[in-house]
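Single-structure report; data block below.
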Amino acid sequence: MALLIKNGEIVTASERYVADIYCDGETITRIGRGLPAPAGAQVIDASGQYIFPGFVDPHVHLHLPVMGTLSKDTFGTGSRAALIGGTTTLIEMCCPARGDDLMAGFELWMSQAAGVSACDFSFHMGVSRFDAAAEAHLRQIVRRGISSFKILLAYKGTLGIDDTELYRTLKLARELGVVVAAHCENETLVAERQRELLAAGRTEPRWHHESRPPRVEAEGVHHLMSFAELTGASVYIVHLSCKEALAEALAARSRGVKVGIETLIQYLLLDKTLAELPDFEGAKYVMSPPLRDASNQPVLWEALRSRAIDTVATDHAPFDFATQKAMGRGDFTRIPSGIPSLEERVKLLYSRGVAEGRIDLHTLVDCASTKAARIFGLYPRKGEIKPGSDADLVVFDPHRRGVISARTHAMNVDYSVFEGWAYEGAPSAVTVRGEIAARDGRFVGTPGRGRFVARAPGSF
Ligand code: MN
Ligand code: MN
């Protein structure tokens, strides 16, 4: 099957020009003006619209066991929501618990995605334990095309690793050319503050933030930076939320530490007053690190504009308000942590970022597609519009308007943190390896067609 997209304005991380794109099968094969449409080719007229490389979300949870429950989306529902929103490749974390066999964990996550996902996917391999058996498994998993590990410096006793394991994980990553993504919070500070707050009867969602204030995150970043500096490993800070943590990361970068920095669409647009809403409403906004004081938002936008922050992801982690968030009534530490946003990232980055003048179009493409593709070894197959790249394309109508609502979103969760938000600018057509997978906000693709993308070592 051939696909010709005509007259669109192609925008990549570094270029912007009007041309036609011809895709033969799954690959972009020609780019030029006035390309003829061969008989039988599907043609999209993209006049007046942008064409972006398919967006890459490097931080998504679609199979996430938390406190005896599972996050609501599957690779089926989640990949459809991703595609409607313009995300054509996502990277999920395999998160085996501390006692679990790492290889079994990898196979479990693969089995949740393969033959189910409609978009392409890969995994960060979660390292919840590091010993000889884990090391042997990690070496095998890297050979199967995984070029990133993921560690959690929070969550004492369940998913977190100790400092000896951290050091050895980073040494192995350095040897194998693997980047290590890390959730950075100081687990002892979190545990002690949670205990004190609960003992004082402070049980509502609003106290979640007090249990993990900015310094807890900054301390986690500082810790990771020290270990990265002394091992020479490349690291990637997931979900950076505040200026204190950013300062630690940038100080390390200026010392030569190889560090990528990710923030989330929620941290750019939402603040902690939402988690303070009464009647348990605040639980919808509980995630870790927490939503921060609004004064952090201009700092994060400016760091994005200057490209000090590399990527904008979602950390998509949907839990129903009615049944799952409710587990934490009377104890904020029992609220499943996470916010759904996989579907909304790109259009909000465009509406609130590009249209309101905070970032330009190239930065949008870079932070939501190209940079993640580079860091995680997907580039130039993903994150680029060039002959030879996968035909993952987003035809984006800058004038398409809508209002976000849980009543109409495709994510399988009973609320939206962006309920009632208007946007202007949304995908009109989204392709995955040459097949149209979403059109005007509707999924039209093939369930299960998404493919595991084997990755090579990335670069900063
Ligand atoms: Mn996390
Ligand atoms: Mn996460």
Legend entry - Residues (touching a Phe, Trp or Tyr at 6+ places or on another chain (Cβ under 8 Å) and over 20 Å from residue 270 (Cα atoms)) located in region 203-229: 203, 227
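For the condition away from ligand 2 (no atom under 16 Å from the Cβ), within 25 Å of the chain's Cα centre (by Cα) and in a helix (DSSP H, G or I), what is the one hit in 230, 246? Break it down into steps so the answer makes sense when it comes.
On the way: 230 fails: within 25 Å of the chain's Cα centre (by Cα).
Of 230, 246, the one residue that is away from ligand 2 (no atom under 16 Å from the Cβ), within 25 Å of the chain's Cα centre (by Cα) and in a helix (DSSP H, G or I) is 246.
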Legend entry - In region 53-68, the residues that are in a loop (DSSP other than H, G, I, E, B), more than 10 Å from ligand 2 (Cβ to nearest atom) and touching a residue at least 12 places away in the same chain (Cβ under 8 Å): 54, 62, 63, 67
Legend entry - Odd one out for residue 446, checked against (1) assigned to a loop (DSSP other than H, G, I, E, B); (2) surrounded by 15 or more Cβ atoms within 10 Å (Cβ to Cβ): (2)
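Which of the residues belonging to region 1-24 are open to solvent by less than 30 Å² (accessible area, probe 1.4 Å) and among the small types (Gly, Ala, Ser)? Can you show your working first?
Step one: filter region 1-24 for residues open to solvent by less than 30 Å² (accessible area, probe 1.4 Å), giving 2-5, 8, 10-13, 19-21, 23.
Listed by number, the residues that qualify are 2, 8, 13, 19.
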Inset, instruction - Give me a count of the residues in region 158-180 that are out of contact with any Phe, Trp or Tyr (no Cβ under 9 Å at 6 or more places or on another chain) and within 16 Å of ligand 1 (Cβ to nearest atom). - result: 3
Inset, instruction - Kindly provide the set of residues from region 393-421 that are touching a residue at least 40 places away in the same chain (Cβ under 8 Å) and of a type in the set (A, V, I, L, M), ordered by number. - result: 393, 394, 395, 404, 410, 411, 413, 417
Inset, instruction - Might you check whether a residue that is closer than 27 Å to residue 232 by Cβ, open to solvent by 10 Å² or more (accessible area, probe 1.4 Å) and of a type in the set (D, E, K, R) occurs anywhere in region 175-182? - result: yes
Inset, instruction - State the number of residues belonging to region 45-61 that are open to solvent by 10 Å² or more (accessible area, probe 1.4 Å) and more than 16 Å from ligand 1 (Cβ to nearest atom). - result: 5
Inset, instruction - Determine whether residue 150 is at negative phi and within 16 Å of ligand 1 (Cβ to nearest atom). - result: yes
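With the requirement that a residue be within 15 Å of ligand 1 (Cβ to nearest atom) and either in a loop (DSSP other than H, G, I, E, B) or open to solvent by 20 Å² or more (accessible area, probe 1.4 Å) (or both), what does region 293-336 give you?
Within region 293-336, the first condition is being within 15 Å of ligand 1 (Cβ to nearest atom), and the residues that meet it are 311, 313-319, 335-336.
Correct list: 314, 315, 317, 318, 319, 335, 336.
Would you be able to say whether some residue in region 267-284 is closer than 30 Å to residue 178 by Cβ and either charged (D, E, K, R) or assigned to a helix (DSSP H, G or I) (or both)? It would help to see each step written out before you state the result.
In the first step, residues of region 267-284 are kept if they are closer than 30 Å to residue 178 by Cβ; the result is 267-268.
From what's left, either charged (D, E, K, R) or assigned to a helix (DSSP H, G or I) (or both): 267-268.
Checked against the condition, which is being closer than 30 Å to residue 178 by Cβ and either charged (D, E, K, R) or assigned to a helix (DSSP H, G or I) (or both), region 267-284 yields at least one hit.
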Inset, instruction - For residues that are of a type outside the set (A, V, I, L, M, F, W, C) and part of a strand (DSSP E or B), tally how many sit in region 69-91. - result: 4
Inset, instruction - Would you tally the residues in region 121-173 being at pLDDT below 95 and basic (Lys, Arg)? - result: 2
Inset, instruction - Output the number of the condition that residue 265 fails; it satisfies all remaining conditions of (1) β-branched (Val, Ile, Thr); (2) closer than 21 Å to residue 319 by Cβ; (3) surrounded by fewer than 24 Cβ atoms within 10 Å (Cβ to Cβ). - result: (3)
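May I ask you to list the residues in region 297-311 that are touching a Lys or Arg at 6+ places or on another chain (Cβ under 7 Å) and under 19 Å from residue 183 (Cα atoms)?
Correct list: 310, 311.
The values are calculated or read from the model by the stated rules, or taken from the named source; none is laboratory data. The shown structure was predicted, so the numbers you read here are calculated from the model rather than taken from an experiment. Neighbour counts are summed over all protein chains in view; Cβ atoms, including those assigned to glycine, are modelled from backbone coordinates with ideal geometry. Side chains are part of the model used for accessible areas, which takes the heavy atoms of the whole protein and leaves out ligands, DNA and RNA. Shrake-Rupley method; radii C 1.70, N 1.55, O 1.52, S 1.80 Å.
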